[in-house]
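See below for the structure under consideration.
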Amino acid sequence: MLRASVAHFSFFQPVVVRDLVVPALVTSIDGKNNNGYDGAAVMSADYEISRDVSASWPAHSLIARLRFPDPPLRLPGSGSAAQRCAPASYGHDGAAWRFQRDTQILAYPLIEHLAYVQPQAGYPRTEAEFAASPNASTRWVPGFGALHFYGQDAPRRGDWGRPSAPELAGDVWATPPAGNVLDDDVLSWRASVRFDPALHNGRMLVSVTVPTACGLFIEAPALMFQLNQVTAWTGSYWTGFDGLPQVEAISREPVTLEFRTNTRQPVTESISMEFSSDPVNWEGRPLPAGAVALDRYNIHIASPTLDHQGWYRARACGYSLESQEPSTCVAGVPTRLTIVNGSLPEFQLLYADVGGVLTSEPAVRPGGSVTLMAYVYSWGPRASVSWQKRSLAQAAFGFTDWTPVDTPAAQDIDCTNNFETWIYRDGRQCTDSRLTLTPTLADSYTQYRAVASNSRGSVVGNPPLLLLVTETGAPPTVSSQPGDVSVPAGATAAFTATIAGTQPISYQWQFNEADLPGANSATLILHNVSAAQAGRYRLVARNPFGGAVTLHGTLAVTAPDAPPVVLPPTIAAQPAGVTVVAGQSAQFAVAVNGSGPFSYQWLKNAAEIAGATGAGLSLAATTTADAGSYSVRVSNSAGSVTSDAAALAVAAAPQPPAPVPPVISTAPAGLAVLPGGGATFAVAASGSGPLGFQWRRNGSDIAGANAAVLHLPSVSALDAGAYAVEVRNAAGAVISPSASLVVIGAPTITLHPVGSRVDEGGSATLSVVAAGANLRYQWLLDNVAIAGATGPSYTTPALAAADSGKVYSVIVYNGAGLLFSQPATLTVTPTPAPSPEDKIAAGLNHTCAIDRSDTLYCWGNGVNGELGNGSTSFRDVPTRVSGLGAVKAVAAGSWATCAIDSADALWCWGSMGDLVPAQLSAAGVRVRAVGLGSDHGCYVDAAGQVYCWGNTSFGKRGDLNPGDAPNPVRRADDSLLRDAVAVAIGVNHSCAQLADGSVWCWGADVAFGTHDKATRVMRRLPDGSRMDFTATGRVVAGRYHSCALESSTGQPMCWGHNEQGQLGDGSTLSRDDAMPADLFGGLSLAAGVTHTCAIRTSDMYCWGYGFMGNGAERETLLAPVAAGRVGAYFNSADPPLAAAAGERHTCALRTSGDVQCWGWNNAGQAGNGSVSDTVNVLVPTSTTLGAQFWRR
């Protein structure tokens, strides 16, 4: 086939064209191609490469081999050897690669190759030998590596050793050496390729072309496969030689800035690092003193100071492999480095160690040992740890506070840095503190907590550890042992043991005395065994009271076709001794391991018992003559074994009088005592002596109360309760009826009813907490008794708007007095009119909107299932979400979507759910509003309470639990947010807007703003920071910034990151306090990753970095500018109602019901029926659904 004056050929074996030998060119991925050429395995075009890339992107091996024939081909007729059509270049740039997703979209995976710098002495003859050279040293460099294998002489590396890479200079072979024999030459290009699931999933087409010196272009048969890599990773991906947007470093602690690429692979001639104190007017200064460029892609600062604060970027010069364009220089996205003085400590682990069992509620025997452990991380100053304790029982009544306990010296341990996705730091300090206790019974139900402190402040570890001291626990004991096992290779083997003891019991199987990871149950199953697994296995069991270890069981692995091995019997559980009274029955049993069938013979005093040949032995009516020593002999074809002897003791039949169990003749009586007075309980009982006594309060034993009389010298409210006594002797036990101790006094209210806001049609539950004896209750509505409302709580019937403002209270009384509670006023919120802001939402690269029939449509990126249609494909037109009925509101996160249906239930899908909607809210919960970030979300229920779920880093979920929460949990300090109406979620922060217009935020401080500069650090705290203005409309959140409209002026108030001008205050300075944008009269807001938009009357204004809908590519605007002003896209004839912003795209819902989008369209997020990586939508453009979306 001719193209202009150049011919392109695709051959899988060498051929002769005219008088030239054209070599074969074949490519493969992970040893597979579509034709099986060059010895590769065959894969179809639908072959799916699917891997979990949650931990790291897996590398795929991609190779193209160009081979000349052996023996050499001859010209037809003459028989002489044909001349070789050699490659134009023997270097790594001698092959041009092209990656296409869905056969048309160019893709740029991360490409690295393994460079062999020192070939093995003696020069191996084949590719395989060279790859296995033990003396070869390696280095990873970007691009495809070219390796030459000349059959009769040394293998050579390609000409990528440019002068800009001094470590390779002087080691260049651009052409074959003299005397080369061409017949068995091999030239290969190879690389490690890493695909990004967010960009490259789909049908992939990989092609490679090699230009030749004879004017031909040789094309390898294309590789076609389906890429379906899945990930739970929620970070960004690298573009260009770019750095992270924001890096915080601790003063004097080392930090490394990384710059990486994941776009088209340039042939990089040079990379230089630059510094500037101003990101707008880039200065391009050399790196400050103390900042050193490493490996061309990193900047390391060993001891950062304020002199290092500023912006850093990488500037790369080179040319593209695909286009062979002339050398150009491109500057990557800069990284802003901020120097801080350290952070508050952060608890990573808080638990107790009892005999090797790790728990948050340790239980030990009196006099036993328990070690409380705390691991604390901090940036900068290392933390010290102190321990505190309090009585749980006394704390419940408010009579005690935390008191210090003796603290051991904190031990520093070496902590591995664990970099967060968006904040990248070095130098994290770790403190390991351990408190060892030897508790007594008096220490039971004591709480312990750790307090970590450094120069930045103190943090309390939560939840506290609760210590239980008990005498009733039993350590593990082995009831049956694992046996020997023999199986052929490839079969399944199993070991099991029976362990008795107080739960919980932890299990750990060991192989040759080494722990087996994940083998933590009483049974061990090994699938597809190999000879390497042959050996000794045993089980280690532990609980808080001790541990036990089984005997070894041996695994023998035979050849797959070998006959089964018969194992001799071994005793797994020995017969146990028995003591009976003459006339009673006695039973013995044995458990056996080995190869069945088994035969049994029971023995008495070593003599066989006739007929006793079963696995068990039963003596129905024993006599004294049956007493003796019993054992059993177990046999099979491989041998026999005799159990241990078990003694049978037979006592003579009893003679009168028989022991008499205790009988209570006089039970304890109830008492009413004034505070500080004494109280005495007594019991009279008869029965065979000696008698024992155990007094109990509310069902729990009282330590040391073991006499017939119990005296309490000075009672308090803590002593009130139900008292009983157990009387026991050798014949039995009896428990007395309970007797109440009442501490005389008038009732007191410790928690009054609290008013709340309730949606029309909902109900409210009011409650009171009171102290006192024999309390009774009567609830009042506007000072009138409510019939039947006589408990400590009261739930109203469904409330109407007319019920708003009504006052509830309760009377608490007993025989000693009467008390009125404080009044509680209920506010009933009328059912709100539908809000346009609920009807449209945007994630990073997808969009959703509700139509006139309340049906939800989504379009754009669907890789994580965020479109809710059951697939992971892109959709470039609005596509109906599966399985949902009528929808009232929609919210979108980075890769997830949620919707509130007509019954106020919350449904979610995508990266925080499944491919189709699933209900997240519990049955009966009514959801008012919802917001989503990258890996966490929050909603507001009908009572105005905030619940959050997902990742908890930086405290962004707002509760005290350290781990991720798949189900919504209530904020720890819900008293601050009793009347929320909306939530806005960023990457590492959350905000809630209350009915009074106040805005509260929590999470990463630099993103939500706080007025206390001393605590401006990333922290895990539940408390919020209140913005000092009253908001209207709805609060919104971008990646690292937030905005809300000031109620009196409609002026956008924004705070957080501002590197791209997304705050709209005319600067690029990030703000802790809310700053006004240069715009008045705003009605609605939308926040994207680095841009913000506001609707004002019939216009729409945007600012920050992105596409502003004015016909231009990406812009950086530091103050609001009218969007769509070129062409007057927004006007009074069809004004915008609401907007939604993603990473680099924006959409507006207009009064007519039309949705128009602009910006990036690489996943179809514009919804206009097209997808393009290179052609952006520059002006507001309607979706293919037209004006069918929601309208007033």
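Points worth noting:
- Qualifying residues in region 741-758 (those that are surrounded by 19 or more Cβ atoms within 10 Å (Cβ to Cβ) and assigned to a strand (DSSP E or B)) - the one modelled with the lowest pLDDT: Val743
- Some residue of region 853-860 being in contact with a helix residue (DSSP H, G or I) (Cβ under 8 Å, 6 or more places away or on another chain), farther than 24 Å from Val987 by Cβ and part of a loop (DSSP other than H, G, I, E, B): no
- Unmet requirement for Gly1106, which otherwise passes all of (1) more than 16 Å from Leu844 (Cβ to Cβ); (2) touching a Lys or Arg at 6+ places or on another chain (Cβ under 8 Å): (1)
- Scanning region 923-945 for any residue that is under 24 Å from Gly997 (Cα atoms) and touching a helix residue (DSSP H, G or I) at 6+ places or on another chain (Cβ under 7 Å) turns up at least one such residue.
- Residue check, Gly931 farther than 22 Å from Cys1001 by Cβ and in contact (Cβ under 8 Å) with a residue 40 or more places away in the chain: no
- Exactly one residue among Leu819, Leu775, Leu799 is modelled with pLDDT of 85 or more and among the hydrophobic types (A, V, I, L, M, F, W, C), and that residue is Leu799.
- Residues that are among the polar types (S, T, N, Q), at pLDDT below 75 and either part of a strand (DSSP E or B) or not assigned by TED's automatic domain parsing to the domain that holds Gln533 (or both) within region 497-511 comprise just one, Thr498.
- Whichever residue in region 960-976 is assigned to a loop (DSSP other than H, G, I, E, B) and at pLDDT 70 or above and, among such residues, is nearest to Tyr947 (Cα to Cα): Arg971
- Of Ala383, Ala409, Ala374, Ala395, all but one fail to be in contact with a Gly (Cβ under 8 Å, 6 or more places away or on another chain) and either at pLDDT below 75 or buried (at least 17 other Cβ atoms within 10 Å of the Cβ) (or both); the exception is Ala374.
- Residues of region 1161-1176 satisfying the condition of being buried (at least 24 other Cβ atoms within 10 Å of the Cβ) and part of a strand (DSSP E or B): Asn1161
- Taking the criterion of being buried (at least 19 other Cβ atoms within 10 Å of the Cβ), in contact with a helix residue (DSSP H, G or I) (Cβ under 9 Å, 6 or more places away or on another chain) and among the β-branched types (Val, Ile, Thr), the residues of region 442-492 that qualify are Thr446, Val469.
- Qualifying residue in region 1074-1092 (condition: touching a Cys at 6+ places or on another chain (Cβ under 7 Å) and either assigned to a loop (DSSP other than H, G, I, E, B) or not assigned by TED's automatic domain parsing to the domain that holds Ala1139 (or both)): yes
- Members of region 1130-1142 that are buried (at least 22 other Cβ atoms within 10 Å of the Cβ) and assigned to a loop (DSSP other than H, G, I, E, B): Phe1130, Gly1142
- Restricting attention to region 493-511 and to residues that are free of Cβ contacts under 8 Å to residues at least 40 places away in the same chain and under 22 Å from Gly594 (Cβ atoms), the residue that is surrounded by the most Cβ atoms within 10 Å (Cβ to Cβ) turns out to be Trp509.
- Spans of strands (runs of 3 or more DSSP E) in region 865-935 with at least 2 residues touching an Asp or Glu at 6+ places or on another chain (Cβ under 9 Å), of a type outside the set (D, E, K, R) and crowded, with 19+ Cβ neighbours inside 10 Å: 887-892, 896-901, 906-910, 927-932
- From Val828, Val877, Val807, Val863, residue being among the β-branched types (Val, Ile, Thr) and in contact with a Leu (Cβ under 7 Å, 6 or more places away or on another chain): Val828
The values are calculated or read from the model by the stated rules, or taken from the named source; none is laboratory data. This one's a predicted model, so the numbers in the text were calculated from it and none came from an experiment. All Cβ positions, even for glycine, are placed from backbone atoms using ideal geometry, and neighbour counts span all protein chains on display.
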